[in-house]
Amino acid sequence: MLILGLNMFHADASAAIVQDGRVVFAIAEERLNRVKHYAGFPALAVQACLNAVGAKISDVDHVAVGQDSDANLAKKVQYALANPAKILNFIRLRQRKEAMRDVRSLLVKALATDPESLRFQEHHLEHHIAHIASAYYCSPWEKAAGFSYDGSGDFVSTMMARCEGNDIEVLDRVFLPHSLGSFYTMICEFIGYKKYGDEGKVMGLAPYGKDTYCETIREVIGLKNGGFELDLGYFMPLGSNQGMQISEDGTVSLAKHFSERMVELFGEPTKPHSEIPHRDMDLAFAMQHRFEEVFFHLLKELHKRVPMEDLAMAGGCALNSVANGKLFTETPFRRTWIQPAAGDEGLAIGAALHTYHSVLNQPRQYEMKNSYLGPEFADACIEASLRKANLKYRKLDREPLLAAVADQIAAGNVVGWFQGRMEWGPRALGNRSIVAHPGLPNMKDVLNARIKHREWFRPFAPSILADRQHEYFEHDHPSPFMLHVYKIRPEKRDQLCAVNHVDNTGRLQTVAREENPLYYDLIQAFERKTGIPVILNTSFNENEPIVCAPEEAIDCFQRTRMDVLAIGPYLALKTEN
Ligand SMILES: [Fe+2]
């Protein structure tokens, strides 16, 4: 049975294909059309899914979309009537959503196929149920507490659920305009980070601040009966899309979130790309602090209703790895399974698996053990790309390749590491990564100057052999998808100085050999040379979506000051090119 899952006309449009209950292939459209956070129809992603299983769209039994414009309709109408200025916007959104309900026509057009040949049943699933489904149905658990939170989706920002067997029972929703995601976005915008997805950057700024505004920021978002409420005086009226605007070309932008009240309290907002005043560091600190307080409050409430130790979680806010790293000590939950594509691309998988288990009542047997669900490229294809780019390269067997790359990293060189299937979700986890020495004091600056050009305050992440985590980190819950930040043990901080953030933490990826043998063995080869079972891992890209195909990796290697490219079995050195 083939189920195609879709996230479309929403940020991070994506497609996933589920074959007999297993996620076989999944990809965000941005990786193929190279438009970051693309929010149109994921035509290329759908074709890639079908190619991966050798099927045509006429072979697909079900198509599931992680959005349901009828969900929470009464709440939407109630809100629109109370905010007359937003009614037109509301109607426009409804029309747009009506258009996107015609999945059949969209697929016919995208794939140039005969409409008569289509035989699939169509399913629409509420946004946050799809988020929770993307975590729970991929987890190894028979039952768990389910939690989803983000800016907004189908007029909801937060959902709590009890997950058991095939079912996800919704226990509670927080409706718009109240949104923990919008709270975070509003302050990020105020301090000059106005692009969709900038929130993750500002999380790295927070530990540079002090506790100056924690009390004041508490007023922006208050706790309420196990939920929370925004003080709307700090916000512009955002409407049912919470200020997210999608252009005809599928690009996403954000409307202004903060009101004049923020300006009265804190002074003028900061212009993008200007120097960061201490005020903004303190605001980032207070924002992250309050975010965590509300998050832990919500999780404690969820635990009261679903008293289990296991938490299945997704939604864009679930990418807040700092909060995730603390929840084991701040809440009664002891284990997490967080969907690696916790943002909206994950809806494609959630909708498809929900159809399989909840709608069609098929038994659960699948567990997502790694995130390598994207395309891979044959050696011949990689070699053709290297030739086309006129690069000098060597072909190496596995062991010599690992030894050569480990030597390069140990020598302080920056290596583009392109291997196997591309990762699903926003993190590079050792298949489309740039890797470097984690213990050289200048490595962060080198990476930024030569390739990444990131803000000075953003840390780089460590990949560590899973069985060595306890030696280096103060928490031992695994973090296979780089979604937890833990304190680095004091005695190891010097050894990991390039990945040790200002608050002595690291957003680690724990690498188990069975999940990625080649990457594990690379780290081990590096350890043999340096005594450090860790390498610095950052995504393989430069101001663009993470590279997907060999030619994108080669292009990034050629236009940046990357020293080495290890792509499949081939090794290219900048000094020889
Ligand atoms: Fe979402």
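The values are calculated or read from the model by the stated rules, or taken from the named source; none is laboratory data. Since this is a predicted model, take the numbers as computed values, not measurements. Neighbour counts run over all protein chains shown; Cβ positions are idealised from the backbone, glycine included. The area values use the complete protein model at the heavy-atom level, side chains included, leaving out ligands, DNA and RNA. Shrake-Rupley method; radii C 1.70, N 1.55, O 1.52, S 1.80 Å.
Distance between the 7 Å Cα→Cβ label points at residue 529 and residue 119: 5.6 nm.
Please state the relative contact order of the chain as a whole percent: Cα pairs under 8 Å, 6+ residues apart? Spell out each step's value before the answer.
Numbers: 1270 pairs, mean separation 93.2, N = 577.
For the chain, the relative contact order is 16 percent.
Please compute the net charge surrounding residue 17, taking Lys and Arg as +1 and Asp and Glu as -1 over other residues with Cβ under 15 Å from its Cβ.
Here the count lands on -2.
Taking the Cα centre of the chain as reference, the dipole from Cβ charges on Lys and Arg (+1) and Asp and Glu (-1) amounts to some 640 debye.
Based on C-alpha pairs under 8 angstrom that are at least 6 apart in sequence, segment 118-212 has a relative contact order of 19 percent.
Take 157-165, 201-209, 511-519, 385-393 and order them by the average number of nearby Cβ atoms within 10 Å per residue, most first; the result is 157-165, 201-209, 511-519, 385-393. Once divided by 2.2 N^0.38 Å, the Cα radius of gyration of segment 444-577 becomes 1.08.
Normalised by the number of residues in segment 327-475, what is the relative contact order in percent for Cα pairs under 8 Å and 6+ residues apart? Present the calculation step by step, with values, prior to reporting the outcome.
Numbers: 102 pairs, mean separation 31.0, N = 149.
Once divided by the residue count of segment 327-475, the mean separation gives 21 percent.
Past 30 Å, Cα to Cα: identify those pairs from 256/444; 210/256; 201/392, in the order given. Exceeds cut-off: 256/444; 201/392.
Normalising by residue count, segment 255-365 has a Cα convex hull of 172 Å³ per residue.
Between residue 232 and residue 142, full extension at 0.36 nm per residue minus the direct alpha carbon distance yields a gain of 28.4 nm. Calculated mean residue ellipticity, 222 nm, the chain: -10000 deg cm²/dmol, from DSSP H runs (n ≥ 4) at -39500 (n - 2.57) each, averaged per residue and rounded to 500. When the chymotrypsin sites (Phe, Trp or Tyr not before Pro) in segment 409-478 are filtered for DSSP coil states and for at most 12 other beta-carbon atoms within 10 Å of their beta-carbon, the remaining sites are 456.
Using only Cα atoms, what is the ratio of the radius of gyration of the chain to 2.2 N^0.38 Å? Computed over Cα atoms of the chain, the ratio equals 0.94. Please list the non-local residues whose amide H lies under 5 Å from the amide H of residue 511, H modeled 1.01 Å from N, same-chain partners needing a gap of 5 or more. Counting only residues 5 or more places away or on other chains, the set is 464, 465, 466. DSSP finds beta bridges in the chain, and of those with both partners inside it, around 70 percent are antiparallel. Ordered by solvent-accessible area of protein heavy atoms (1.4 Å probe), largest first, the residues 423, 309, 367 come out as 309, 367, 423.
Counting only protein heavy atoms and a 1.4 Å probe, tell me what percentage of segment 191-258's accessible area is made up of carbon and sulfur.
Numbers: 1490 of 3050 Å².
Here carbon and sulfur together make up 49 percent of the probe-accessible area.
Distance between the pseudo-spin-label points of residue 573 and residue 467 (7 Å out from Cα toward the beta carbon): 3.3 nm.
Averaging the Cα positions of each part gives two centres, and for segment 174-201 and segment 252-319 these lie 7 Å apart. The modelled label-to-label distance between residue 476 and residue 273, using points 7 Å beyond Cα along the C-beta direction, is 4.8 nm. Packing here is the average count of other Cβ atoms within 10 Å per residue, and on that basis the peptides 448-454, 333-339, 128-134, highest first, run 128-134, 333-339, 448-454.
Under 1.5 on a/c is rounded, so check that first for segment 367-443, then, if it is not, pick prolate when a/b is larger than b/c and oblate when it is not; a ≥ b ≥ c are the square roots of the alpha carbon gyration tensor eigenvalues. The shape class here is oblate. For the listed peptides 60-67, 136-143, a ranking on the average number of other beta carbons within 10 Å per residue, highest first, reads 60-67, 136-143. Ranked from largest, the principal axis spans of the Cα set of segment 155-304 equal 52, 42, 27 Å. Calculated on C-alpha atoms, the gyration radius of segment 308-370 divided by its Kirkwood radius gives an Rg/Rh of 1.02. With the Cα gyration tensor of segment 162-229 giving a ≥ b ≥ c as the square roots of its eigenvalues, does the rule (a/c under 1.5 for rounded; else a/b larger than b/c for prolate; else oblate) give rounded, prolate or oblate? Because a/c hits 1.5 or more and a/b exceeds b/c, segment 162-229 counts as prolate.
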